[in-house]
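Okay, so here's the structure we're looking at.
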Amino acid sequence: MPEIKSIEEFRKKLYEFIPKKYFVDNLDENRIGVIKIALLRKTINPFIDRSTDSEETITFKMDDKREVIEVPARKFKSKEKLLGLKISREFGVVDVSVRYNMIDDKSHLSNPNSIVFGDSVTKAGAAESVGLPSRAIYDWGYSIRDFEEITQKLQHNALSEEGTMYEGKTGELRQSLFRTRYVLPNTFIPFFISVDNLTPELFVHLLFTIMYEKRYGAQTTTDGANFNNDIIAIGFGDFEQPINSFIISKEWDFDIGVTEQAVKNAISLKMSALYPESLINDSDEDKKITGLITFINQTWTNKELLKELYKKASEDIKIYLQQMKILSK
C-alpha cells in the first residue's frame, strides 16, 4: 500500500472501506447513520471477570442447560478508553492534568478521547458541571460455552517477605489464603460496538484502542496480555440492526462445535444477513476487512501523518465545543 502523506489521502482511502456518508465533518451534526463493529474477543491468558464477589466470576443463565460468562461493557470500554487517553497524550492533544475519569475543568473536555468515549467534569464543587455523551456504544459480552467448561478456581496465598507463609514476628503461619476464579485461555466472546457522528480521524482513534489494547479485567497490574481482539466485520446503515453478543450465544448451534473459525463465521454470517448491502468482511474476494486492518496498522506507523490526524481532530473538537458554548471563542 503506497504511503499516505496527507489527511485528504487518508480520508479517501478510508472511504474505500466505509462510505463518506457515515462520517461527519462537523461534530455538531446529529443525523441518522450508524457504523457497527463486530469483534471476536479471544482470551490468550487467564482473565478475571468479577463483581462484588471476589472469588466468583460474573455469569448469566442463558437457558436450562447453560450458564455463560457475562462481561459488562465497562470491563472492555474502560481499558480501551484508558489506552485512548495514553495515545492522546502521546500526540499532545489532551491537557497534561487530565487523568482517567478525572476532569477538573470543562476546557479539558477538548480532546479526542473525551469525544469518542464520553466524559464529564468530576471536580467536586465545580461551578459548571458539563458532560459529553459517548459516541462509541459498547454491548455486553457473553461466552458461547458454559462457565464450568471455561473457568478454573485457584487458591493463592500472600507470602511474607521471605517468600513463605511463616511470619517471623509472631512465629506463626500467615492465614492469608484466598481463591480466585479465572476465565481460561481460548474462551470466545463475540462483541459489538456501535458508532455514530464521528469524524474519520476520531473513528480511527477508536480503532487504535480496540486493536491495540490487550489487557482486561481485574489484576491487570499483575497479569500479562490476556485478549486478542479480531475485527470480523463492519456494517453500516441508516439504523442500527439488532445483533449483539447475547444473540450469537443464545442461538449457537452446538452441532458445529465451538472453534475460533466457527465463531468468526457465525458473526460474519449474522452481520451479512442484517447488513446485506452495506458490509465489509472477509467473505468478499477483495478481503476488505484485512485491507482495512492493514491500512490502520500502516497509519499507526506513519508518525508524521498521525500528528496531522490528531491535530485535525483537536481543531474539530475545539470548534464543536465552542458551538456548544462549552468553550469561549
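The values are calculated or read from the model by the stated rules, or taken from the named source; none is laboratory data. Just so we're clear, the structure is a prediction, and the values are computed from it rather than from any experiment. Here the Cβ is made from the backbone with ideal geometry for all residues, glycine too, and neighbour counts use every protein chain on show. Accessible surface areas use protein heavy atoms only, side chains included; no ligands, DNA or RNA. Shrake-Rupley method; radii C 1.70, N 1.55, O 1.52, S 1.80 Å.
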Check: For the chain, modelled as a Gaussian network with Cα springs under 10 Å, which listed residue fluctuates most, VAL116, VAL71, VAL24?
Finding: VAL24
Margin query: If you fit an axis through the alpha-carbon atoms of helix 260-274 and take the longest principal axis of the Cα set of the chain, what angle between them do you get, 0 to 90°, nearest 10?
Written below: 40 degrees
Notebook entry, point to check: For all pairs of alpha-carbon atoms in region 9-65, what percent lies in each bin of width 10 Å, listed from the first bin to the last filled one?
Noted result: 15, 24, 21, 22, 18, 1
Next item on the list: Compute the long axis of helix 200-212 from its Cα atoms, compare it with the longest principal axis of the Cα atoms of the chain, and write down the angle in degrees, 0 to 90, nearest 10.
Entry: 20 degrees
Note to self: Tell me the angle of helix 288-301 to the major Cα principal axis of the chain, expressed in degrees between 0 and 90 and rounded to the nearest ten.
What the structure shows: 90 degrees
Checklist line | Rg/Rg_globular for region 171-329, with Rg_globular taken as 2.2 N^0.38 Å and Rg from C-alpha atoms | finding: 1.38
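Report the gain in length on full extension from THR294 to GLU3: 0.36 nm times residue separation, minus Cα-Cα distance, nm rounded to one decimal.
Working: separation 291, 0.36 × 291 = 104.76 nm, distance 1.21 nm.
Extra length from THR294 to GLU3 when fully extended: 103.6 nm.
Ignoring ligands, DNA and RNA, what percent of the 1.4 Å accessible area of region 1-138 is carbon and sulfur?
On the way: 3280 of 6850 Å².
Answer for region 1-138 is 48 percent, counting heavy atoms of protein chains only.
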Item checked: Cross-link partners of LYS42 among lysines (Cα-Cα below 17 Å; sequence separation of 8 or more within a chain) -> LYS75, LYS77, LYS79, LYS214, LYS264
Notebook entry, point to check: Where does the chain land on Rg(C-alpha)/(2.2 N^0.38 Å)?
Noted result: 1.11
Checklist line | Farthest toward positive dipole pole in the chain [+1 Lys/Arg, -1 Asp/Glu at C-beta], among VAL34, VAL96, ASN229 | finding: VAL96
Notebook entry, point to check: Taking only C-alpha pairs under 8 Å that are 6+ residues apart, what is the relative contact order of the chain in percent?
Noted result: 29 percent
Notebook entry, point to check: When the accessible area of region 204-297 is split by element with a 1.4 Å probe, what percent falls to carbon and sulfur?
Noted result: 49 percent
Checklist line | Whole-Hz ³J(HN,Hα) from phi, Karplus 6.51 cos²θ - 1.76 cosθ + 1.60, for region 139-146, glycine and proline x | finding: 7, 7, x, 9, 6, 8, 7, 5
Next item on the list: Leaving out ligands and nucleic acids, note down the accessible area per residue over the chain with a 1.4 angstrom probe, in whole Å².
Entry: 50 Å²
Notebook entry, point to check: Which aspartates and glutamates have a Cα less than 13 Å from the Cα of LYS106, not counting those fewer than 8 places away in the same chain?
Noted result: ASP95, ASP119, GLU128
Check: Considering the chain as a Gaussian network with a 10 Å cut-off on Cα pairs, which listed residue, ASP253, ASP196, ASP119, attains the greatest mean-square fluctuation?
Finding: ASP253
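Express in nm, to one decimal, how much length is gained between ASP104 and GLU260 on full extension, taking 0.36 nm for each residue of separation and deducting their alpha carbon distance. Display every interim value, and only then the final one.
Working: separation 156, 0.36 × 156 = 56.16 nm, distance 4.40 nm.
So the chain would gain 51.8 nm between ASP104 and GLU260.
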Note to self: Take ASP253 and GLU304, extend 7 Å from each Cα along the Cα→Cβ direction, and tell me the distance between the two endpoints in nm.
What the structure shows: 5.2 nm
Notebook entry, point to check: What residue among ALA136, ALA273, ALA225 shows peak mean-square fluctuation when the chain is described by a Gaussian network model with Cα springs under 10 Å?
Noted result: ALA273
Checklist line | Distance in nm between pseudo-label sites at ARG74 and LEU269 (7 Å out along the Cβ direction from Cα) | finding: 3.6 nm
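Using helices alone, what [θ] at 222 nm do you get for the chain, with -39,500 (n - 2.57) per DSSP H run of 4 or more residues, divided over all residues and rounded to the nearest 500? Before the final figure, lay out each step's value.
Working: 9 runs with 106 residues, N = 329.
It lands at -10000 deg cm²/dmol.
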